[in-house]
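Below: one structure, written as structure tokens.
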Amino acid sequence: MPDLRFLPDQRLWLLDTPSTSYAVRLDEDDTVRHLHWGARLTPDQARELAGRIPASGSSFDTAGGPEELGAEGGARFGPAGLQVRFADGSRGVEWRYAGHDIDEGHLAVHLDDRHYPLRLTLHYRVHDDSDVIERWTTVTNTGDPVTVTRCDSAAWTLPHRADYRMSHLVGAWNSEFRLRRAEVPVAETVFTSRTGLTSHQANPWLAVDDGTAAEEYGEVWSTALAWSGSWRITLHRTPAGRTTWTGGHGHEGLTWTLRQGETLETPLYAGLYTADGFGAASRGWHAYVSRHVVEHPAEVRPVLYNSWEATGFDVDEPGQTALAARAARLGVELFVVDDGWFGERVSDHAGLGDWTPNPDRFPDGLRPLAAEVHRLGMLFGLWVEPEMVNPDSDLYRAHPDWVLHTAHRGRTEMRNQLVLNLARPDTAAWAYEWLDRLVTENDIDFLKWDANRAFTEAGWPGNADPDRLWLDHTRAVYQIMDRLRAAHPRLRIEACSGGGGRADLGILTRTDQIWTSDNTDPVDRIGIQHGFSQLFPARVMGAWVTDSPNVATARATPLRFRFHVAMAGALGIGGDLTTWPEEELKEAAELVATYKRIRPAVQHGTAYRLGGDGTLSAVAFAHEDEVVVLAWCPSRPFGHDPAPLPLTLLDPSASYRDTGTGAVHSGAVLADAGMPLDLPPGDHASVLVHLVRVAQEG
Ligand code: DGJ
């Protein structure tokens, strides 16, 4: 059971999760030092560790062992997790321990500066059903204004190992979540977003192991920052062989003023130690997301239709009504109208910000379409981009000062749009007001909340503390979403930023799914989904079946392959259904029905990534008595069909019936010799296997 204990004899806190321990101690000079993060420790074992005196360094190096949040000040030369400048010009901090609070899984350790009225509190929270440790920081100033140039959520420290390897996610628009593994250099490695968004280029998830971990084997320490704006994580491997990382919101160069009485609270930074490989780490995160992040864990995500890829901006009531009729025939449960329904938005050049239905396209507004979609038995969803504006819009003409901008500088347009400054209370109030009205008046069940450009010239002329907008804009997005959800309990939200540019635990706390990538090519998607699944469960991974050849890659693939790849997430359809031949519509309807049968396993089961021969890869989902395997083989040379796929997740003492063939297999045989896969011939072959555990006889 989780437990938080203070051992006063050693000035030591010991945090237990169901199968891990985390320990910190207070130094003689009241510095909070890291002691342990890994397998369970008894209090006596923790005391023994605390008794070790760190080797003293030279007069050229950081003194003492790794800290829980290394602030600037004194003999510290690593990346600082807290940097402040006081009103008198003095920098750095010197702490005096000011007590701690333990309350229902939450530990707060208070440190006061020895001279200035500044308090730092390190927060830790553990749950009884997860090994994830949540951490964050608060800094309170009760004196003259303090300039904060860095305030991280937490620093994480690994035990001594012979080597260290990092796993992280890199990408770009249309190629998000590419998993990379590389040795941690003896250096400071910075992972960051300076875009004001979580970013396509880097994701604030990081895993470190000693270089020997594999999918089902080895110790892995992984962390995820719950923040959807700019962020920075600095991984530091010292020549002496320690590896630590410190991370939090904001990128380098920003400063925030903490006025008298103000508290700066950082986003949550969660960490997970697992002893059984990258697969176990992902399963730990998936369970945590289901239990402690998403708001509606018991729901299943509906099968969605979205015509963006099929129609682009050419949306109108007759066209959407025709698509809705076809979508309903396929078994779609949620019909989403994408960009182009409002203002002068017939292309990406105009209209963004003018959130009233385009009268040429929807002469009677959206209500008739919403009613028709509901009559067809589907939920009604709508695309919005509340943080952005086209300069060619009534909104911008009325409020040119509402956008991020800096005096004497241009206003860089990207995708012909500018970013609204939602840190401004008037802009944020406007955004909430129209969103609330839109949802209320049109009976909207689902919003796809998009954000299609990075921040530039992120200033706020006349504001004395303009960099605060980098934090307050994101907080305003969170507040608007939270208020909308509170006011409309049935409303569900999809997070999107040009595909997967805003995928993190912060946005997931107030959304229900993530649009993973605008790249819907199933071959590319296998890699994207592999990376996404490191942190996020299938239930939040929006995955569409679109037309062939694919609009981005021009690759032609069979419908079944496209479905089988998308069925490993929250299934959607995004093709132009008016062009699908009757036999494809029929096959699609059957595949949607199959998805609904396996959906409890995919969305609520436990996921196992399986590697196969050559290009074969697979994911298995185990849920109660069911196991669903989705296997994909993009290409294979003649005569080299993949070997049977070992299903090591199965219970070797059980038998399983293949619901497709009726054959009963031994779990031991499928785990060891593997499951022969009935792949169709040719490239882009795939198979879905649905096994049900057979009741034991006698
Ligand atoms: C980017 C999204 O990722 C797409 O799915 C689509 O909604 C467009 N924006 C619309 O502008």
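Please treat every number below as a calculation from the coordinates, not as lab data. Because the structure is predicted, anything quoted here is derived from the model rather than measured. Positions of Cβ are backbone-derived with ideal geometry, glycine not excepted, and every protein chain shown enters the neighbour counts.
Under 16 Å from a label point 7 Å along Cα→Cβ of ALA214: give me every residue in segment 628-654 with its amide N that close. Hits in segment 628-654 for ALA214 at 16 Å: 645-649. Computed per residue of the chain from DSSP H runs no shorter than four, each worth -39500 (n - 2.57), the mean residue ellipticity at 222 nm is -6000 deg cm²/dmol. Near the amide H of GLY38, within less than 5 Å, lie the amide hydrogens of SER21, all on another chain or at least 5 residues away, with H placed in the peptide plane.
The shape of segment 304-604 comes out prolate: with a ≥ b ≥ c from the C-alpha gyration tensor, a/c is at least 1.5 and a/b beats b/c. Each Cα pair under 8 Å and six or more residues apart adds its separation to the average, and for segment 3-292 the resulting relative contact order is 17 percent. Between THR356 and GLY343, the built amide H atoms are under 5 Å apart, and every one of these is 5 or more places off in sequence or on another chain. Taking each residue as 0.36 nm, the span from GLU433 to ARG367 lengthens on full extension beyond its C-alpha to C-alpha distance by 21.9 nm. Potential lengthening of the chain between ASP683 and ALA486 amounts to 66.1 nm, from the contour at 0.36 nm per residue minus the alpha-carbon distance. With contacts taken as Cα pairs under 8 Å at a separation of at least 6 residues, segment 610-696 carries a relative contact order of 34 percent.
Percentage of Cα-Cα pair distances in segment 610-696 greater than 23 Å, rounded to whole percent? Result for the distance tail: 19 percent. Relative contact order of the chain, taken over Cα pairs closer than 8 Å and 6 or more residues apart, is 10 percent.
Sequence-ordered 3J(HN,Hα) estimates for segment 227-242 from the Karplus curve with 6.51, -1.76 and 1.60 and θ = phi - 60° stand at 8, 10, x, 4, 7, 8, 10, 10, 9, 10, 10, 8, x, 7, x, 9 Hz, glycine and proline given as x.
Couplings 3J(HN,Hα) for segment 103-110, derived from phi with the Karplus relation 6.51 cos²θ - 1.76 cosθ + 1.60 (θ = phi - 60°), are 8, 6, x, 10, 10, 10, 9, 9 Hz, where x marks Gly and Pro. Note that segment 60-70 has calculated 3J(HN,Hα) couplings of 10, 10, 4, 8, x, x, x, 9, 6, 7, x Hz, one per residue in order, obtained from phi through the Karplus relation 6.51 cos²θ - 1.76 cosθ + 1.60 (θ = phi - 60°); glycine and proline are x.
From the alpha carbon centroid of segment 624-698 to that of segment 472-504 is 39 Å. Take the Cβ-Cβ distance between THR189 and ALA63 as r, set R0 to 22 Å, and report the resulting FRET efficiency rounded to the nearest 0.05. About 0.40, to the nearest 0.05. How would you classify segment 1-146 from its alpha-carbon gyration tensor, with a ≥ b ≥ c the square roots of the eigenvalues: rounded for a/c under 1.5, else prolate if a/b is greater than b/c, otherwise oblate? Oblate is the answer for segment 1-146, as a/c is 1.5 or above yet b/c matches or exceeds a/b. Looking at the square roots a ≥ b ≥ c of the eigenvalues of the Cα gyration tensor of the chain, which shape do they give, rounded for a/c under 1.5, prolate if a/b is larger than b/c, or oblate? Because a/c hits 1.5 or more and a/b fails to exceed b/c, the chain counts as oblate. By the beta-carbon count within 10 Å of each Cβ, the least crowded to most crowded order of THR520, THR243, fewest first, is THR243, THR520. Beta bridges from DSSP with both residues in segment 304-604: antiparallel share about 15 percent, rounded to the nearest 5.
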